Amino acid sequence: MLSRDVLEAELDLLQPAELSFDAGQWVSVPFGPKNVRAYSIASTPRSSRRITLCADVAPGGIGSAWFRGLGVGQTVEFKAPFGGFVFRRDDPRRPLFVAEEIGIVPIRAMLTDLDEAGFDLHGTLVYWGRDPSWLPYHEEFLALAQRRAGFAYHPIVPSASIADLTAAVTALAWDTRDLVAYVSGGGAMIDAVREVLMAKGLDRKSVRWEKFW
Ligand SMILES: Cc1cc2nc3c(=O)[nH]c(=O)nc-3n(C[C@H](O)[C@H](O)[C@H](O)COP(=O)(O)OP(=O)(O)OC[C@H]3O[C@@H](n4cnc5c(N)ncnc54)[C@H](O)[C@@H]3O)c2cc1C
């Protein structure tokens with residue numbers, strides 16, 4: 001438990017014994033025909049035999065109940081990897097990461113991956129949650145910002161307002177000429193952030209996003 005409603009699960013790969021994926025990709029857990037839930041992989045490709053998932057179980061549907069009920073030794077099935085929300089190392093632009101609550105998971109995987117690889121990271125993370133217990137991995141990002149001079153971290157609490165987030169994004173995106181945004185969380189937040197970035201001159205394609213809900 002990272003907090004009351006945010007849980008991590010570590011899955012050892014049995015068959016196959018390894019999973020090849022890119023940081024930011026997700027697994028698909030089946031709940032019957034045409035009914036699946038997606039979970040981003042919170043860990044990095046460097047650990048290919050054991051992956052970490054992290055879920056907000058507050059929504060309380062079938063996926064949340066499954067995640068909350070996971071027990072030690074239980075066998076689970078999923079398909080993976082999926083998704084194109086991955087960091088492009090050959091893109092020279094400055095990344096602006098924006099996450100809403102549990103939407104941090106793929107961004108955490110990307111940042112950890114870049115850090116472990118010794119990548120020269122020059123970017124910013126803006127992380128919004130309704131209160132500190134909704135900012136999983138907050139301590140890791142504080143430590144990363146201390147360790148990496150080129151990385152800036154802006155947690156935004158306590159506030160439940162998208163307006164506070166977009167105000168911070170507007171202030172930080174002072175120059176959009178060499179910017180690329182990676183935005184993850186709810187659809188309303190993604191739309192609002194895209195809108196302010198485009199109003200500052202960023203083109204639509206430079207806002208990459210992962211919509212969780
Ligand atoms: C690509 C992708 C990656 C995802 N990765 C993760 C992940 O790493 N961790 C994770 O917890 N979830 C992740 N999700 C969301 C996850 O797939 C489920 O939607 C979520 O767990 C809720 O499932 P549920 O069955 O409990 O609730 P549902 O019955 O599916 O949803 C109930 C209601 O809650 C809304 N909702 C769902 N999630 C949230 C939320 N976090 N905050 C507010 N409202 C919400 C839904 O839109 C719906 O209206 C991801 C989704 C996608 C598409």
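A few notes on this one:
- The stretch between Ala65 and Asp91 holds 5.4 nm of extra length on full extension. This uses 0.36 nm per residue minus the Cα-Cα distance.
- Taking a point 7 Å out from the Cα of Trp213 in the direction of its Cβ, the residues of the stretch 3-24 whose backbone N falls within less than 15 Å of it are 4-7.
- Taking amide H as placed 1.01 Å from N in the peptide plane, Leu2 has its amide H under 5 Å from the amide H of Leu7, Glu8, each at least 5 places away in sequence or on another chain.
- Normalised contact order of the stretch 33-186, rounded percent, pairs of Cα under 8 Å and 6 or more residues apart: 26
- The angle between the Cα long axis of helix 162-172 and the longest principal axis of the Cα atoms of the chain comes to about 60 degrees, rounded to the nearest 10.
- Whole-Hz Karplus values for the stretch 202-210 come out as 6, 7, 3, 5, 8, 10, 8, 8, 10 Hz, taken residue by residue from phi with 6.51 cos²θ - 1.76 cosθ + 1.60 and θ = phi - 60°; glycine and proline positions read x.
- J(HN,Hα) series, the stretch 54-63, from Karplus relation 6.51 cos²θ - 1.76 cosθ + 1.60, nearest Hz, glycine and proline x: 9, 10, 8, 9, 4, x, x, x, 4, x
- Computed over the chain, the quotient of the alpha carbon radius of gyration and 2.2 N^0.38 Å is 1.00.
- Built amide H within the under 5 Å cut-off of Gly123, gap 5+: Phe151, Ala152
- The charge dipole of the chain, taken about the Cα centre with unit charges on the Cβ atoms of Lys, Arg (+1) and Asp, Glu (-1), comes to about 400 debye, rounded to the nearest 20.
- Look at Ile104, Ile190 and count the other Cβ atoms within 10 Å of each Cβ; fewest to most, that gives Ile190, Ile104.
- Overall size of the stretch 19-139 from C-alpha positions, given as principal axis extents largest first: 43, 35, 27 Å.
- DSSP beta bridges in the chain [antiparallel fraction, %, rounded to 5]: 40
- Cut-off under 5 Å, modelled amide H: who pairs with Ile41 long-range: Gly24, Gln25, Trp26, Val27
- Proximal charge balance of Pro59 [Cβ under 13 Å; K/R count +1, D/E count -1]: -1
- Gyration tensor (Cα) of the stretch 94-211, equivalent ellipsoid semi-axes in angstrom: 20, 18, 12
- For the stretch 20-29, putting each phi into the Karplus relation 6.51 cos²θ - 1.76 cosθ + 1.60 with θ = phi - 60° gives couplings of 9, 7, 9, 4, x, 7, 10, 10, 10, 9 Hz, in residue order, rounded to whole numbers and with x for Gly and Pro.
- Ordered by the count of other Cβ atoms within 10 Å of each Cβ, fewest first, Val126, Val180, Val105 give Val180, Val126, Val105.
- For the stretch 179-213 versus the stretch 122-151, the gap between their alpha-carbon centres in whole angstrom: 19
- In this structure, Asp12 and Leu172 have a Cβ-Cβ separation that, at R0 = 45 Å, corresponds to a calculated FRET efficiency of about 0.70.
- Nearest 10 degrees, 0 to 90: helix 104-116 Cα axis against the chain principal axis: 80
- Angstrom value of the Kirkwood radius, inverse mean 1/r, which spans all Cα pairs in the stretch 21-81: 12.4
- Residue order, fewest to most beta carbons within 10 Å, for Phe78, Phe21: Phe78, Phe21
Where a number appears in this text, it was derived from the coordinates with a stated rule and is not lab data. Keep in mind it's a predicted model, so treat the numbers as computed, not measured. Positions of Cβ are generated from backbone atoms using ideal geometry, with glycine treated the same way; all protein chains shown enter the neighbour counts.
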